[in-house]
Every structure is written in structure tokens, then in C-alpha cells.
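One structure below.
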Amino acid sequence: RAGVRKRVTQADQFQVLATRMLRNMYRHPWHVALNAISTLLVSIVVGGAYWKVDPDTDGIQNRLGCFYVILLYLALMSLSSLPLWRKERLLFLRETSSGVYTELPYFFAVALFDIVPLRVFPPCFFGFISYWMVGLRQDCAACLAIFMATLVMSNICSTMVCMSISHITSSNRVAIYVCSIIFLLSSLFGTFIISKGHKSPLTDLFSALSFFHYSYDVLVVNEFHGVGSVFTFTSAVKKLPAILIDGDGVLKQFGFNVATEHLQISILAVMCLVLGILSFALLQLSTSRWRWLQGWSLAACMCGWCPTARREAAAADAPVEDLSKPLLPRPRDEAPSAVRVPLPLLWSGITCTLQELCVEYESGVSIVRQEKKLLSGISGSAGQSDGLTAILGPSGAGKTTLLDILAGRSMAGTVAGEVLLNGRKAGPSARRRLSGYVTQDDVLPGTSTVWEYMLFHAALRMPRGTGAQEQQQRAREVVEQLGLGKVAHAFIGDALRRGISGGEKRRVSIGIELLHTPGLVFLDEPTTGLDSTNAAIVVDLLADLGRENVTVVLSIHQPSTPIFNLMHRLLLLSTEGRLVFSGPADKAPGFFREAGHPISSGPGLNVADYLLDLVIRSEPDEVDAVVEAFSAQLLDMDVADEYLLPFTAIGRVDHREGQLRAGVRKRGTQA
């Protein structure tokens, strides 16, 4: 059952993730190939530019310049991965929010298939080509190993910096800009541009934090320390004689400390580890389970306000009972379900308030905190054998916000109200675990086929211990159920590879949420971006799910008449996020007729368009009157039961207090 299933081990998660990333790498080899080819060409160019340097002043300067160019190139090459990480990050957030896998196996899988092929092998070109072409130190076999190891560690540090920044911002431009500034400052204080003899508090601080500084020092000391040959120092004044010094004399002349070579290598290795830990920590912060830490916004610092997300997150992670069990005993003549358990849903008094910072100029410049209500007192229900429950409203009405709250995924603002799942109070964590959620955008791996992606989710989302044959059987059932058999072995597709159509991608997004047989599915505007034919196909499939013991709740913007006719229950929001109507769709005409806004009947009339025109184009007073009329209807408990309780056992609603009293209610008898 979905309510008690155990997640697969992290070792299995890593194995499945590594398989997918390996497949992505050989199906999209251009990134690895481009990195390797460009590094090969640059290593040849660097070797040709500094060809066979001499043991004189110019040769010393050329050696130092060669090290600087190589380190700077490796740092800048790390920026090329930011767009790919951005795309991968969207898929990561999508899958971790659905509980497909955790952050740790994902991080190690990315490290294995990014750091090894792109950060370890390419720097070796400089050791195998540039090192010999430039004529660097030839009398020490270990010096070449230290040279290559230093380049690899420097490359890993720059990569971890880019990864960390990519976890913080969602914009590629911002990430590239910030990383470029960091690399510029790091190279500035890397002791090549600024002399070691120049001392200032700022220089000492940034040099201590610069991985570029430690890498450069190690390369220079490794090249000159213990060299038995003599270097010729010539002065700019031609009359002065040349000075003959050894390698240690060169280091002393430029201010390098020979005794700290091993310490700097150790510090560089520690910086790789610390930046890796930082990148992993920021990766965790980017997931929904840790976003309460991000709630300490500027408002918290300036206005003393802090959201209650931390308390909500703690409550959400508290142990809960198995909500998939029925609340009431099953009738004797009813056979137990062998596939899935329907999960009736009831919510009441849902209010979402967002804190905003505003600047006032009346009596000087001041920053004040204001509240903005996204949702106000929203009540509704969705139940078994009910077909589809649609959340309807204009853009900005709060449809996605309400859907996220019901699904247990909202972290924005302060949320009030209660939600019952199968007649019991259920926190966000329980609702996430027991439900499937399909986002508005199809975030899918373009290099995977439909069948491969189905098996990927089956391996990670089905209960631990499920055999490979059972996983394949379940994936085959979902593929056939959604009509994806003809494209099962076709690539999903992306910007670089042609794939399946938009309607088929939407069905794939729905299918991966059905693999673990949830009793409750949420969909955020599943028809967005689809033509009328594909939209009708998708909604018709959802209607079939609603008739097969699945509670389906979806938000939709402007459905056509055939799609609207498939909706069994309707929740209508105003532009200000207030409840206009919530109940069976066939009761809407009667309510709006009594409220003074009769729905005309006739061929070609789209009821959804009429309702949207009512809340958008009507005067605010008229909309307020309809809102108050429906609120008055809900004060009568018998009428409220007709609107909000399509099943007999789900709980007691007190709309005057906006609270749900969890309990059992049986009509005609005492529960």
C-alpha cells in the first residue's frame, strides 16, 4: 500500500541514478567530447606558446604565466556545466518532491559522472602534452604527478563552487555572473597578479580563501624546489651583471615558502572536501523538506517576523498512522480492493497569508510589513467514485497555491485551516506520501525512452522488495492504460533530440505518478500547452481514473465544454482567492440562479466561460454578494453536507469556526 510502503535503500537509489546518468552521458556525448577536445586543443596551444622555455628571467616568467593560464582555463571551463546543471536541477527538484529518491545518492551519482569524466581526465592533457612541450621539470617523476593532482583538485574546487551557486539561484545568467566574479577574485589574489610582498588585511583574507592561491603556490614550488640547474637572472639595466641562482633562490626571490608545500597541498584537498560538503548542504536546502531554513527572509531580519514553516515542517515529519485504511468497517458484501485504496479528501478554512515588505515615503523612507491573503477560507471535498474534482478560477486566483497546500507541498507564506484524508487529520508529509502530484510543466529526461523512465520510477517508487518482473508488469499496465504503447520505446526528447508529442509527454508525467498505485492524485493545469484534442484525451484518461477508486483533484484555467462536462465536482475561486462555489457541478446552476446570476442554457454555451466571466468582469460588489451567498449556504449543515460531503464517512464540518472535527458520521444513526 502507498501508505506503508518502504523506500528502497540509498544504495539501490544510487545504482538506478548512476545507470540513468551513464545512459545520458553516452547518448549525449557532445558535452564530454567538447570538453575533452577543447582541453586537448588548449593544451597544445599553451605548449606551443611557451615552447621549451629557457632557464633565464623570461623563462621563469613564462613558467609562472603558464601555470596561471592553465588554472584560469580550468576554472572557466567549469562554467560550461551550469546550463546542464540547471536543467538537471529542475528534474531533481521534481523527482525529490515526489519522494522518488533522496539527496545523498543523487549527489554521489552526479559527482561520479561529472567529476570523473569532466574534472579528472581533461586536466591530464596538460600533464601529458603541455608539461613536456613547455619543458617543465624533467628530473623528478613525482613532480609530474603533483602537477596533475594539483590541476585536478583545482578543477574540482571550481566545479564545486559552480554547483553550489547553481543550487542557490534558478537563473543561468546570475549563476554565470556570480561564478565569474568568484573566479576573478580568486585569480586576483592567487599571487600571480599581486606580488607576495604586498601585504594588506584584504589581500591576506582573500588569499587564505582562494583555492587559486594554493594551487598556484603548489605548482610554482613543485617546479622550482630542489632544482639543481642554474637560472640566470638578468637586470633591466644592461650594465649590471647577470645573477646565477638555483630553483630555491628563484622561490625566495618571488616570496614563495618552500616549507609550506605539503601544507598547501593538504589545504587544497581540504578545500575540495569543504566545498563538496557545502554543495551538498545547498542541494538539501533547495529541496522542499529543508525550505523552512530559507523562510528566514529579509522580513525576519528587518521586521522581526518569521514564518511558521519550521513548526509546520516539524509537524509534517511526525509519525502518522496508516491513512490508507478505511475509516469505517467495510460492508460484508463489498470485496476488498486488490489494487488501490481510494482516499476521500476534505478541507475547510484554508487560508494562505503572505508577508510582504513595502517601502513608504510619507514621513521619510521606511520599510513596513504588510499581509497579503492569497486564499481566504476555502472549503471543499473530493471523494471516492466521484469522477474529477476541478479547481476553477482566473489567473492569479490561487489555484496552484490551493493545490499545493492540499498536496502538502506549499512552503510559501502562513497556512491555516485543516485537511482530512480518509476521515483523519493528515499533515503535509502524510499527504505527500499517499498521493501523486503532476506539475504544470513536463520536466522529463530527454535522453530516456518512455519505457526506461517508467522502469526508473518503478524501481524507486514501488515498495522495497518488489521484484524486477513485478516492476515491469506494473510499468506495462500503466503504459497500456495511458495509451503509450506505440511510443514506449521512443525517446522523450529535448532541445537536442526529437521526441514524443506534448500530449504524450503529459501522459508520461501522469503515468509515473500512477506506478505506486496512489489513491489520490493532484494535477496542476494538466491541459496547459495542449491542443483541444490532446487536452480532451488527457482529461478523459483522468476521468477514467476517477471512476477507478482514485481521488483526482486538478486545477484548470479555461476548460472546453466537453472537458467541463467530465467534471463531477467544482470549486470556483474569485480573483482575490475567495470561495465562490464548492460542490457538485450539477448543483452550480441552481445556486447561481438563486444568487441572481442564472446560467443560460443552449447549444454552444460554455459554463466554465460564464463562471469565469462572472468573477472577472462583474463588479466587486456583485462578486462579494455571490461569495456571501455561498457562505450563508454553508451555515446550514444539511445543505453543507450536500455540497461538501459526497460520502458518508469523512468527518464533521463546522464552517462557522472554520475547523474540521475529526470523527465518524453515519447518517440516520449515532456514529
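A few comments on the model shown:
- Annotation: amide H of L375 within the under-5 Å range of C352, sequence separation 5 or more or interchain, hydrogens built in the peptide plane.
- By definition, a body whose alpha carbon gyration tensor gives a ≥ b ≥ c is prolate when a/c is 1.5 or more and a/b is larger than b/c, and the range 532-622 fits this prolate description.
- Computed over the range 481-552: relative contact order in percent, which uses C-alpha pairs under 8 Å that are six or more apart: 27
- Tensor-based shape of the range 1-125 (alpha-carbon gyration tensor, a/c under 1.5 rounded, otherwise prolate or oblate): prolate
- If you wrap the range 150-262 in the convex hull of its Cα atoms and look at it from every side, the mean projected area works out to 9.3 nm².
- Solvent-accessible surface of the range 119-213, averaged per residue with a 1.4 angstrom probe and all protein chains in place: 44 square angstrom.
- The range 200-211 - phi-based ³J(HN,Hα) in whole Hz, Karplus 6.51/-1.76/1.60, Gly and Pro as x: 7, x, 5, 5, 5, 5, 5, 5, 5, 9, 8, 5
- Average accessible surface area per residue within the range 497-536, 1.4 Å rolling probe, Å²: 31
- In this structure the amide hydrogen of G349, modeled in the peptide plane, comes within under 5 Å of the amide hydrogens of I378, S379, none closer than 5 places in sequence on its chain.
- Phi-derived couplings, Karplus 6.51 cos²θ - 1.76 cosθ + 1.60 at θ = phi - 60°, listed residue by residue for the range 130-141: 4, 4, 7, 5, 6, x, 6, 4, 10, 8, 9, 5 Hz, with x used for Gly and Pro.
- Solvent-accessible heavy-atom area per residue, rounded to whole Å², over the range 397-455 at 1.4 Å: 25
- Loop-resident GluC sites (Glu not before Pro) (DSSP state other than H, G, I, E or B) in the range 424-512 with no more than 16 further Cβ atoms inside 10 Å of their Cβ are absent.
- Given their separation in residues at 0.36 nm each and the Cα-Cα distance between them, A490 and D54 gain 151.0 nm when the chain is fully extended.
- In the range 163-236, the trypsin sites (Lys or Arg not before Pro) that fall in loop regions by DSSP, at most 15 other Cβ within 10 Å: K196, K199
- Between S560 and L76, the distance separating the two model label sites (each 7 Å from Cα on the Cα→Cβ line) works out to 5.3 nm.
- Global form of the range 13-55, assessed from the alpha-carbon gyration tensor, a/c cut-off 1.5: prolate
- Carbon + sulfur, % of accessible area of the range 474-620 - ligands and nucleic acids excluded, 1.4 Å: 49
- Computed over the range 506-557, the alpha-carbon pair-distance distribution with 10 angstrom bins reads 25, 61, 14, each value a whole percent.
- The length gained by stretching the chain between T260 and L104 to full extension, at 0.36 nm per residue less their Cα-Cα distance, is 52.7 nm.
- Protection proxy ranking, peptides 82-88, 391-397, average beta carbon neighbours within 10 Å, highest first: 391-397, 82-88
- The range 169-186 versus the range 84-118: alpha-carbon centroid distance in Å: 21
- Within the range 553-598, the proportion of Cα pairs with more than 17 Å between them is 36 percent.
- Pairwise FRET efficiency - R464 versus D246, Cβ, R0 = 60 Å, nearest 0.05: 0.40
- Fully extended contour minus Cα-Cα distance, from A281 to R593, at 0.36 nm per residue: 106.7 nm
The values are calculated or read from the model by the stated rules, or taken from the named source; none is laboratory data. On a predicted model such as this, the values are computed, not experimentally measured, just so you know. Methodologically, a virtual Cβ is constructed for each residue, glycine included, from the backbone with ideal geometry; neighbour enumeration extends over all protein chains shown. Remember, those area values only see protein heavy atoms, side chains included, never the ligands or the DNA or RNA. Shrake-Rupley method; radii C 1.70, N 1.55, O 1.52, S 1.80 Å.
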